[in-house]
Amino acid sequence: MRRFLIISNTVDTSKPLSLNGLTAYGRLDVLCRCIPAAFFLSNKFRRDVVLEIFFRINQKVLEIQGNTVRGINPDERAIAGVLKRIFKGFKYPGTRFYECSLESLLKDQNPILLDTNGVHSTLLLETNNFFIIGDHIGFIEEDYKTLAKFTKFSLGSNVYLSSQTITLLNYLLDSIESEMSGEKTLS
């Protein structure tokens, strides 16, 4: 099972959401791109993924379970429509929306923190499939107090979009799984 946690610093889930202005809604567009990056391939849906989004402003978590979620489409507007309903209290299959602090969410967990100052070793990916990714702001100082104890992993010196980071991690994990199963991969 792969698990991605995105820390959203600007989205306020209590505000009314307009599907015509996602960037004005605390950069909800960033999250609407991360969801398809986590779950969608060209012709397949990843059932082995759990995506969590921690909303700092509201101290809430949205959890999406790939093995049970239904009715998610890969386009931003459709995803925003689903999020709008969830934020209003609608129970959507395969999702859970609940109050939680970041500290509580990570209690007794050992995730890998994506950070350009981390190490780049695929050995880390072979032993741990839980990743913490920042939004367009990245991690704030308050985050580093909570996240300092976790191993830092780097995808290199470039800072990628959150959705690109998820895509790259999925690619690396797919490659590792292919190598372990003896499948041929493209270089």
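Kindly indicate the residue of segment 1-60 that is assigned to a loop (DSSP other than H, G, I, E, B), touching a Phe, Trp or Tyr at 6+ places or on another chain (Cβ under 8 Å) and polar (S, T, N, Q) and also modelled with the lowest pLDDT among those meeting that condition. Checking each candidate, the answer is S18.
Residues that are in contact with a Gly (Cβ under 6 Å, 6 or more places away or on another chain), over 17 Å from F139 (Cβ atoms) and not hydrophobic (A, V, I, L, M, F, W, C) within segment 1-47 comprise D12, R46, R47, listed in sequence order. Residues that are within 24 Å of C32 (Cα to Cα), surrounded by fewer than 16 Cβ atoms within 10 Å (Cβ to Cβ) and at pLDDT below 95 do occur in segment 173-180, at least one of them.
Selection of segment 14-58 for residues being in contact (Cβ under 8 Å) with a residue 40 or more places away in the chain, of a type in the set (D, E, K, R) and within 15 Å of T95 (Cβ to Cβ) yields only E52. The residues listed here are G71, G118; of these, the one that is outside any strand (DSSP E or B) and either at pLDDT below 95 or surrounded by 18 or more Cβ atoms within 10 Å (Cβ to Cβ) (or both) is G71.
To keep it simple, each residue is scored yes or no on (1) closer than 22 Å to L169 by Cβ; (2) buried (at least 19 other Cβ atoms within 10 Å of the Cβ).
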| residue | (1), (2) |
| --- | --- |
| N43 | yes, no |
| R46 | yes, no |
| L51 | yes, yes |
| N58 | no, no |
| L62 | yes, yes |
| K88 | no, no |
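Only a single item in (1) surrounded by 16 or more Cβ atoms within 10 Å (Cβ to Cβ); (2) under 27 Å from E177 (Cα atoms) is not met by D29, and it is number (2). Applying the condition of being of a type in the set (G, A, S) and either touching a residue at least 60 places away in the same chain (Cβ under 8 Å) or not in a helix (DSSP H, G or I) (or both) to segment 74-86 and asking which residue is surrounded by the fewest Cβ atoms within 10 Å (Cβ to Cβ) yields G81.
The values are calculated or read from the model by the stated rules, or taken from the named source; none is laboratory data. What you see is a predicted model; the values in this text were computed from it and never measured. Every residue, glycine among them, receives a Cβ derived from its backbone with ideal geometry; neighbour counts consider all protein chains shown.
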